[in-house]
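**Q** Structure below; questions to follow.
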Amino acid sequence: MISFLIAVGVMCALTSLLAVIMVIADATIANYGEVTLTINGEKTLTVDGGSSLLSTLKEEEIFIPSACGGRGSCGLCKLKVLEGAGEPLPTETPWLTPDEVAAQVRLSCQVKVKNDLRIEVPEALFSVKQFEAEVSALRNLTHDIKEVRLALKAPGGITFRAGQYIQFEVPAYELTDEPVYRAYSLSSSPADGSEIELEVRYVPNGICTTYVHQHLAVGEPVTVNGPYGEFYLRDTERDIIFIAGGSGMAPIKSILHEMARRGNRRKARYFFGARSMRDLFLLEEMKALEGELADFCFIPGLSDPAPDDDWSGETGLITEVVGRHTANAAQAEAYLCGSPLMIDACVAVLKEKGMPEERIYFDKFA
């Protein structure tokens, strides 16, 4: 029996070693030569095989959103791959619904360009551009959120909708041996596309957040691309409920400034969740917007105010604050930005208050 177990163990070890060797060989040795990408049944590109579809398209200046930098952990880089890619990998299936699998949707970061491929790329992504920029200002908004202002140098200004996001390229440094992209919502107004503004919350050992908080300096050149996203204010007359927490402030702030610039008179209530006073920021700016907008109120809530905060405002989870201020949301629409747990909890509360789920728009920070 012992000999049998030893034999099984040796076999498993050899199989695992062979699998590792094959992966390394595929990544470093295999040469797939030139392959053809057919895009939307019209455009054809001849490219070198061997890289991921995501990075191959990037080399051709076709930018696909990817918040995780192509590591298969965000699920944003979905494209239809109609021919040439085989079956979805185990790394893809957790991110794909049965309907998406049936429609031949894939994660482009996990599809290796080995054969001729026929793919579909949303038309909106052809307007995405890459920009060379320079850090014009840095400001600490809280103990863990930094405001980053970037002056765009080339190819000029960016045109975007308030609420959309860009991808920020992090160069190789101690936490990454290759450049990677991370997605950040634009907090600035679309009125002036020559400069953009981001709000970056520090996450310990986060590749981009560590770089921004500990290495980025005024005057440093950076690369971004965009704009991306379907998170923007819909053109209706409904009352608006905004809900955010932490750096989820960014797209809501952009939307509010655009509303003020355009003289939008819709009723809007903005619920902002924080733990304590040290996590609140831009209070004066929100107060100023209350004066600029026709019917706007900013309602911050603290879930765990510190003893010395001297806080007299709303307390409790932001879902509780929303529940106390919202009697009936059946005729309103909502825009939410924050962590997945916060978003899910707020969606549940809004549905309880009568809001149809199709009128709840959100950006989840995974």
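**Q** May I ask you to verify whether residue 91 is in a loop (DSSP other than H, G, I, E, B) and within 24 Å of residue 167 (Cβ to Cβ)?
**A** Yes: the conditions hold for residue 91.
**Q** Here's a follow-up. Given the conditions (1) crowded, with 17+ Cβ neighbours inside 10 Å; (2) in contact (Cβ under 8 Å) with a residue 60 or more places away in the chain; (3) within 15 Å of residue 298 (Cα to Cα), report the number of the one that residue 239 does not fulfil.
**A** (1)
**Q** I would also like to ask the following. Hey, could you check segment 195-207 for residues that are at pLDDT 95 or above and out of contact with any helix residue (DSSP H, G or I) (no Cβ under 9 Å at 6 or more places or on another chain) and say which is farthest from residue 286 (Cα to Cα)?
**A** 195
**Q** Could I ask something else about it? Restricting the search to segment 133-186, which residues are within 15 Å of residue 199 (Cβ to Cβ) and of a type in the set (A, V, I, L, M)?
**A** Those that are within 15 Å of residue 199 (Cβ to Cβ) and of a type in the set (A, V, I, L, M): 135, 137, 138, 141, 145, 148, 150, 162, 166, 183, 186.
**Q** Right, next: Has segment 52-65 got at least one residue that is farther than 21 Å from residue 227 by Cα and not in a loop (DSSP other than H, G, I, E, B)?
**A** The answer is yes; a qualifying residue exists.
**Q** Please note which strands (runs of 3 or more DSSP E) are completely contained in segment 277-366 and include at least 2 residues that are closer than 22 Å to residue 144 by Cα and among the aliphatic types (A, V, I, L, M).
**A** Filter on segment 277-366 gives 296-302.
**Q** Of everything in segment 114-160, what is part of a loop (DSSP other than H, G, I, E, B), surrounded by 15 or more Cβ atoms within 10 Å (Cβ to Cβ) and of a type in the set (Val, Ile, Thr)? Give them in sequence order.
**A** 121, 128, 142, 158
**Q** If I filter segment 229-283 down to residues being aromatic (Phe, Trp, Tyr) and within 17 Å of the chain's Cα centre (by Cα), which single residue comes out as nearest to residue 122 (Cα to Cα)?
**A** 231
**Q** Same structure, new question: So if I check each of 303, 312, which one is over 20 Å from residue 255 (Cα atoms), in the same structural domain as residue 249 (by TED's automatic domain parsing) and exposed (fewer than 15 other Cβ atoms within 10 Å of the Cβ)?
**A** None of the other options fit; the residue is 312.
**Q** Sticking with this one: I need the full set of residues from segment 345-366 which are modelled with pLDDT under 95 and either of a type outside the set (Gly, Ala, Ser) or farther than 23 Å from residue 74 by Cα (or both), in order please.
**A** Within segment 345-366, 362, 363, 364, 365 qualify.
**Q** Let me ask you something else. Looking at segment 328-366 only, could you name the residues that are small (Gly, Ala, Ser), surrounded by fewer than 19 Cβ atoms within 10 Å (Cβ to Cβ) and within 20 Å of residue 236 (Cβ to Cβ)?
**A** 330, 354 - these are the residues of segment 328-366 that are small (Gly, Ala, Ser), surrounded by fewer than 19 Cβ atoms within 10 Å (Cβ to Cβ) and within 20 Å of residue 236 (Cβ to Cβ).
Okay, residues lined up against (1) at pLDDT below 75; (2) hydrophobic (A, V, I, L, M, F, W, C):
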| site | (1), (2) |
| --- | --- |
| 19 | yes, yes |
| 27 | yes, yes |
| 37 | no, yes |
| 53 | no, yes |
| 61 | no, no |
| 66 | no, no |
| 72 | no, no |
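**Q** Out of all the residues in segment 161-181, is one or more of a type in the set (S, T, N, Q), surrounded by fewer than 19 Cβ atoms within 10 Å (Cβ to Cβ) and at pLDDT 95 or above?
**A** No, segment 161-181 contains no residue that is of a type in the set (S, T, N, Q), surrounded by fewer than 19 Cβ atoms within 10 Å (Cβ to Cβ) and at pLDDT 95 or above.
**Q** Are any of the residues in segment 274-296 at pLDDT 95 or above, buried (at least 22 other Cβ atoms within 10 Å of the Cβ) and under 30 Å from residue 58 (Cα atoms)?
**A** No, the conditions are met nowhere in segment 274-296.
**Q** Within segment 130-149, does at least one residue satisfy the condition of being over 30 Å from residue 42 (Cα atoms), charged (D, E, K, R) and modelled with pLDDT under 95?
**A** no
**Q** Pairs only if they're at least six apart or on different chains, beta carbon under 6 angstrom, first in segment 85-100 and closer than 25 Å to residue 32 by Cα, second among the small types (Gly, Ala, Ser) and modelled with pLDDT under 95; list them, first residue then second.
**A** As it stands, the answer is 91/72, since those pairs meet every condition given.
**Q** Also: Touching a Leu at 6+ places or on another chain (Cβ under 8 Å) and buried (at least 20 other Cβ atoms within 10 Å of the Cβ) - does that describe any residue in segment 200-210?
**A** No, every residue in segment 200-210 fails to be touching a Leu at 6+ places or on another chain (Cβ under 8 Å) and buried (at least 20 other Cβ atoms within 10 Å of the Cβ).
**Q** Looking at (1) closer than 30 Å to residue 219 by Cβ; (2) surrounded by fewer than 18 Cβ atoms within 10 Å (Cβ to Cβ), which one does residue 48 not meet, given that it meets all the others?
**A** (1) is the only condition that residue 48 fails.
**Q** When you scan segment 210-231, how many residues do you find that are in contact with a strand residue (DSSP E or B) (Cβ under 6 Å, 6 or more places away or on another chain) and without any contact (Cβ under 8 Å) to a residue 60 or more places away in the chain?
**A** Qualifying residue count for the region: 1.
The values are calculated or read from the model by the stated rules, or taken from the named source; none is laboratory data. All values derive from a computational prediction rather than experimental measurement. When we count neighbours, we look across all protein chains shown, and the Cβ atoms used for this are built from the backbone with ideal geometry, even at glycine.
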